[in-house]
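My questions all concern the structure below.
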Amino acid sequence: MDRVHELLLTDLRFLIADLGKDGGLMSPSIYDTAQVLRLAPPEDPRPALVWLIEQQQPDGGWGSPAVPRARDVPTLAALLALHTHGITKPLHHGLQFLHGQADLWGEPLPDDLPVGLELLLPRLLEEAAEIGMQAPHEQYAALIALGQRRRRMIAKLTLRPGTTPVHSWEALGVPPDPALIDATGGVGHSPAATAAWLRATATRRDLARERSGAQRYLEQAAHATGSDIPGVVPTAWPITRFEQSFALYALLLAGLLDHPALAGVVIPQLDDLAQAMTPRGIGFSDCFVPDGDDTAEAMAVLHAAGWPVSLDTLARFADADHYCAYPGELQPAVSVTAHAAHTLELFGRPSHQAQSYLIAHQLPDGRWAGDKWNGSWLYPTWRTLAALRHSPHEHAVLRGVQALVAHQRLDGGWGICGPNAEETSYAVLALRACLGHPALDATALAGLERGERWLTGHYQPFARSAQHCWIAKENYRPDRLARMIELVATFPRCAMAQRQFGAALPLRTPMVEYAKH
């Protein structure tokens, strides 16, 4: 155990020091890569095309079967890209897959739709029809109607760089305004939107400088995937503050934010995050509009560490009985409200309204599921239990714990499609959040210990996983963040300070004093 402990500390130190470096690390995106291959391909597209073909699943679709509604967009985009380059063999099987998705798209539509899906899929269907591709239309009627509603809302806005509508610019059908290029050189922090903008400006000699910057953006975004294949890009980039705030929040939830052996790398990250926080909140990069999710987690971390932050900042994202990621959001996420509720509790200002919202969204079997930002029900269940741990809602916590125990695999791990490190870490951290709570009875504690043993037995120092739990325009993995969650869950409890997990910690003064020495 001592050897594992030392390996984990070293692994964590290197990981924490790199948070936000080079704009963050993100897994390759099928959808965005397909759009780049269609609209702004690299000089030699063949390696990226080979990569794209290799991502097709045995059932004919692209994307993770664990989150079926996140598969239609990458599948249709991949089919269009392959057709553009004259590759026809995978098309029939892919179209068959799309026709088989019909049962997923009836009314009412769920809240956990991938980002921009209601805009992207109708646009891709139109483009498929233009080339005679026999993609299904009727089954998406409800989604198309939602997209029309979204377009009417966007039409009333003045599009600005670094905002959520511009993140899906490729689906809007508007002229390529150079003012939408942000400080990254791209459009909406989106490789797909940037590729579409480059295609739309192909004859604009007056935009040579902007086009050159957009090309550099795509090259930098491709570098963030670690694939070393030109044209293979992530779903969003940069993600500097998302990677930083969420990873530090994982440290907080695990009770490791003030671990003395980590102070030398944690302090600079906290200081940098504090400098980035604005009265309006914080976004997933300094060039993108603030959102309620990054803001809530950054506020929790900074408050726990002793930095002065105002609850007025979080109040900007309150929407009726819940908290939203962005103003005007049509599909809220349970996890965003859970993060806000936890932050308010850390400030000593618990929100009974937010807690009631979380209780209302608990399933009869005790889980919280259907989150738009993560495809695993274990993620919102973990975050909600952390938010409700000190609330009067003991029965909801008990049911959540029982659901975790009921879904544990025989080998001690957890996972929708089989045990894996990231989802097992969600469950382990959820159960640890309930240590000392009456819900964590002997059976649950035994399940926690089995999960901890599973993580220790599967730990590989400095390894990179291929698990894709997170959702944006499709499933993806924010590599450093996901790895942080796995490491803090694997960290042995016996090596942690004895404290309540996720409780407010007066860290700033002792950590600053530690740094002085």
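Rank these residues by their accessible area, most exposed first, probe 1.4 Å: ARG316, ARG241, ARG464.
ARG464, ARG316, ARG241
Here is a follow-up. At 1.4 Å probe size, with every protein chain present, just tell me what the per residue accessible area of the range 95-183 comes to in Å².
That works out to 49 Å² per residue.
To the nearest 20 Debye, how big is the dipole of the range 159-229 about its Cα centre, given +1 on the beta carbon of each Lys and Arg and -1 on that of each Asp and Glu?
In total the dipole reaches around 200 debye.
Nearest 10 degrees, 0 to 90: what angle lies between the long axis of helix 292-304 and the longest principal axis of the chain (Cα atoms)?
30 degrees
Run the quick spin-label model on GLU138 and VAL50: label points 7 Å from Cα toward the beta carbon, then report their separation in nm to one decimal.
Result for the modelled spin labels: 4.3 nm.
Only four residue types carry charge here, +1 at the Cβ of Lys and Arg and -1 at the Cβ of Asp and Glu. Report the dipole size of the chain about the Cα centre in Debye, rounded to the nearest 20.
So the magnitude is around 360 debye.
I've got another one for you. In straight Cα distance, which aspartates and glutamates are under 18 Å from LYS21, not counting same-chain residues fewer than 8 positions off?
ASP11, GLU219, ASP228, GLU243, ASP271, ASP272, ASP286, ASP294, ASP479
Specify which residue in the list HIS85, VAL67, GLY188 is farthest towards the positive end of the charge dipole of the chain, using unit charges on the beta carbon of Lys, Arg (+1) and Asp, Glu (-1), about the Cα centre.
The residue sitting most towards the positive pole is GLY188.
From the convex hull of the Cα coordinates of the range 114-226, what is the mean projected area in square nanometres?
Result: 8.2 nm².
Then there's this: By how many degrees, between 0 and 90 and to the nearest 10, does the Cα long axis of helix 191-200 differ from the longest principal axis of the chain?
The helix 191-200 is inclined about 20 degrees to the chain.
Summing Lys, Arg as +1 and Asp, Glu as -1, what charge do residues with Cβ under 12 Å from the Cβ of VAL401 carry, VAL401 excluded?
Residues near VAL401 contribute +2 overall.
Still on this structure, please answer the following. For the range 1-144, compute Rg over Rh where Rg is the Cα radius of gyration and Rh is the Kirkwood radius from the inverse mean 1/r over Cα pairs.
1.10
Size of the dipole of the range 1-131 about the Cα centre, Lys and Arg at +1 and Asp and Glu at -1 on the beta carbon, nothing else charged, in debye to 20?
300 debye
A follow-up question, please. Using 7 Å Cα-to-Cβ label points, what is the GLU394/ARG316 separation (nm, one decimal)?
4.0 nm
Turning to a different aspect of this structure: Rounded to the nearest 0.05, what FRET efficiency is calculated for ARG209 and ASP59 with R0 set to 60 Å and r the Cβ-Cβ distance?
Between ARG209 and ASP59 the formula returns 0.85.
Between ASP177 and GLN148, how many nm apart are label points set 7 Å from Cα along the C-beta direction?
About 2.5 nm separates the two model spin labels.
Can you give the angle from 0 to 90° between the axis of helix 394-406 and the longest principal axis of the chain, with both taken from C-alpha atoms, to the nearest 10?
That helix lies at roughly 70 degrees to the long axis.
If you find the alpha carbon centre of the range 11-27 and of the range 358-378, how far apart are they in angstrom?
Using only Cα atoms, the two centres lie 29 Å from each other.
Treat the chain as a sphere of radius equal to its Kirkwood radius over Cα pairs and apply Stokes-Einstein at 25 °C in a medium of 0.890 mPa s; give the translational diffusion coefficient in µm²/s, rounded to a whole number.
105 µm²/s
Relative contact order of the chain: what whole-number percent is it, with Cα pairs under 8 angstrom and at least 6 residues apart?
19 percent
If you don't mind, there's one more thing I want to ask. May I ask for the distance between the Cα centers of the range 74-112 and the range 247-274, given as a whole number of Å?
That distance is 42 Å.
The values are calculated or read from the model by the stated rules, or taken from the named source; none is laboratory data. All values reported here derive from a predicted model rather than from experimental measurement. Neighbour counts run over all protein chains shown; Cβ positions are idealised from the backbone, glycine included. Areas reflect the complete protein model, heavy atoms only, side chains present, ligands, DNA and RNA absent. Shrake-Rupley method; radii C 1.70, N 1.55, O 1.52, S 1.80 Å.
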